[in-house]
Structures are given as C-alpha cells and as structure tokens.
Amino acid sequence: MEITHNPYLHPIPGAPQPRRESRIRSTVHRALFVAIVVAVLALGLFGDALGDAENVVFGGLFVVAGFLALISGIWFAGETNRLRRSPGRALATVTHSWDEPAGSNTHRNVDTSSPSPKGWVNAFTVLFDLPDGRQVHRRSPVATSTTRYEPGQRVEVAYDPSDPTSIWVGTGRSSIVPLVVGIGIGVLFIVVGLAIAVFWPT
C-alpha cells in the first residue's frame, strides 16, 4: 500500500510548495556511502591480496567517513538555521516526555553537555495549532541532556510554513552543536585516515 495524498499535509495558505530535496545532496551522500561499503568489502574479502595498498584503502575509509560526517554536519546546521529564521512561529505544549539512551533513535541528539545520567537524553513530543486550524503533534527532532521537558510545559517552536511538520524546538546554541560536532569528527577522521594511508608501516 502507498499513501499518495494526505489532505492534512499541505502548506499554510499563501506559503510556497515545499522545497524538493537537493539532488546534489542525495547524490553526494549515496556516493560516499557506496565508497565506504566498497572499502569495507575490499578489506574484508581481499585484505591479504591488497598488500601495501591495504593501508591506503583502510586510510581512505576513514577519509571518506570523515567527509560524510563533515558534509552532514554542515548541511544539518544549514537546514536548522534556515528553519529557525522561518516566519512560522507557535507556542506548543509538551505532551509526552521520556528518557532514552543517546543515539538510540534516528533523530539528532545534539545537546549533550550534561548533568543528566551519562549517555541518556530527554526526548519529548509537542502539540501546536496552525493558523488554518490544523494541529501538529510530533516528536522534537532534538533530544537534550541539559533541559528536561515535562508534559504540560509550554515551549516556542519554529516551523516551515511550506511544510508545517518540519519544526525546530530549542535555542540558537543547540543548532550550532551539530555543525561543531560534524566538523570536529570529520576533520579528525580525515587526519587519521591520511596518517594511516601515508605513514602507517606496511
């Protein structure tokens, strides 16, 4: 079964149609992912046959993974900053709140500077009204370890008028964290990969 149309998912009246995902972005992600898979398979299946090239392939794996982290961090930060500057604003109510291990889901857990139990974050869902009478009820895309959101608490959300289910809850500070983390991990992996490929003894 395929859902081809949902009458509740449409732009706010007067807002443009949602932007399509960038082909460049999806192509780059696929290419880097394929490169990582090829490198892993080459090391696993032909590691002994590679000889001196094994270090180059292993280092290249780190370099490609570094570029993937670097690009993902930059793109994610750009998207969240664009959303935070969006004209769509609403006061939302936290409906559910729970603790879960950091990184245990597909959402970004970016605010992890913490007094909360080590490795745990507070996830939560919000409910708010749109100007045309619809309601949006969804999980926050960011879980946090520095702030605990409780049911009934009121929080400000920014949403994309062209796609009201695309939301941002939080401060400007937390939107910078994925950029810093992405750049840091990316640069570290690239440096380590180059070091392995060039200087690691064969």
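The values are calculated or read from the model by the stated rules, or taken from the named source; none is laboratory data. A quick note: this is a predicted structure, and the numbers were derived from the prediction, not measured. Here the Cβ positions follow ideal geometry from the backbone for every residue, glycine too, while neighbour counts run over all protein chains shown. These accessible areas exclude ligands, DNA and RNA; they are computed on the full protein's heavy atoms, side chains included. Shrake-Rupley method; radii C 1.70, N 1.55, O 1.52, S 1.80 Å.
Couple of notes before you dig in:
- Close Cβ contacts (under 8 Å, 6 or more residues apart or on different chains) running from residues in region 52-76 that are hydroxyl-bearing (Ser, Thr, Tyr) to residues that are surrounded by fewer than 21 Cβ atoms within 10 Å (Cβ to Cβ) comprise 72/29.
- If the condition is being in contact (Cβ under 8 Å) with a residue 12 or more places away in the chain and either open to solvent by less than 40 Å² (accessible area, probe 1.4 Å) or within 17 Å of residue 200 (Cβ to Cβ) (or both), then region 36-50 contributes 36, 39, 42, 43.
- Residue 99 satisfies every condition listed in (1) modelled with pLDDT under 80; (2) part of a strand (DSSP E or B) except (1).
- Residue 65 at pLDDT 85 or above, surrounded by 17 or more Cβ atoms within 10 Å (Cβ to Cβ) and closer than 20 Å to residue 188 by Cα: yes
- For residue 145, the test of being open to solvent by less than 30 Å² (accessible area, probe 1.4 Å) and modelled with pLDDT under 85 is passed.
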